[in-house]
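Values in this text are rule-based calculations from the coordinates and carry no lab data. Note that this is a predicted model, so its numbers are computed, not measured. A quick note on method: Cβ atoms are made from the backbone with ideal geometry, for glycine too, and the neighbour counts reach across all protein chains shown.
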Amino acid sequence: MDLLTPSIGLVVWSTASFAILFFILTKFAWKPITQALKEREDSIHEALQSAEKARQQMDALKADNENLLREARKERDTILKEARELKDSIISKAQKEGEEVKKKLVADAAEAINKEKSAALIELKAQVASLSVDIAEKILRKNIERNAEQEALINDNLKRLQIN
């Protein structure tokens, strides 16, 4: 049992060395350790506050981005609407101009047709007059005694005119 019970000298020296060590640790090591722990606690607290501020800023930026995106979409829709209106006005203007050009071309073509028709009628009248004079001249040149021969001659000349 001697091994299980320490001697009084050992207990006194152990207690004295522990007290000296405790005093030295308290005097020199305890303050720096507690100060380091305090600094560590403060830095962790500051990091948490910074993280919270960053999260709040991110939320604010996200809200701003959503607002900007909404405004950009509105502006895009406005621009597209104006572009459609401009396209429609250009198309309607082009259609109106096309109709005016078409009407003018039709009017010009009708006028040209009427001029050609008048010129053709004048030429036809001149040819009919010339042919009538030629027929009358041929009739007068021949001395025809009978009416049947006169009618045959006139019909023959008319057939020739229809062929030409």
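Some observations on this one:
- Cα-projected label distance for Val12 with Ala29, points at 7 Å along beta-carbon direction, nm: 2.7 nm
- Counting beta carbons within 10 Å around each of Ile154, Ile135 and listing the fewest first gives the order Ile154, Ile135.
- Across Ala60, Ala109, Ala16, mean-square fluctuation computed from a Gaussian network of the chain (C-alpha pairs under 10 Å connected) peaks at Ala16.
- Pairwise FRET efficiency - Lys81 versus Ala107, Cβ, R0 = 35 Å, nearest 0.05: 0.35
- Kyte-Doolittle mean at least -1.0 and Cα axial length at least 27 Å: DSSP H helices in the chain: 31-141
- Three semi-axes describe the equivalent ellipsoid of the chain; taken as square roots of 5 times the Cα gyration tensor eigenvalues and ordered largest first, they are 139, 19, 10 Å.
- When the convex hull of its Cα atoms is projected in every direction, mean area for the range 59-113 (nm²): 3.4 nm²
- Taking Cα centre as origin and charging only the Cβ of basic (Lys, Arg, +1) and acidic (Asp, Glu, -1) residues, the dipole magnitude of the chain rounds to 340 debye.
- Tensor-based shape of the range 1-51 (alpha-carbon gyration tensor, a/c under 1.5 rounded, otherwise prolate or oblate): oblate
- Between the listed residues Gln150, Ala16, Val101, the Cα displaced farthest toward the positive end of the dipole of the chain, a dipole computed from Cβ unit charges relative to the Cα centre, is found at Gln150.
- With Rh defined as the Kirkwood radius, the inverse of the mean 1/r over Cα pairs, the Rg/Rh of the range 25-70 is 1.48.
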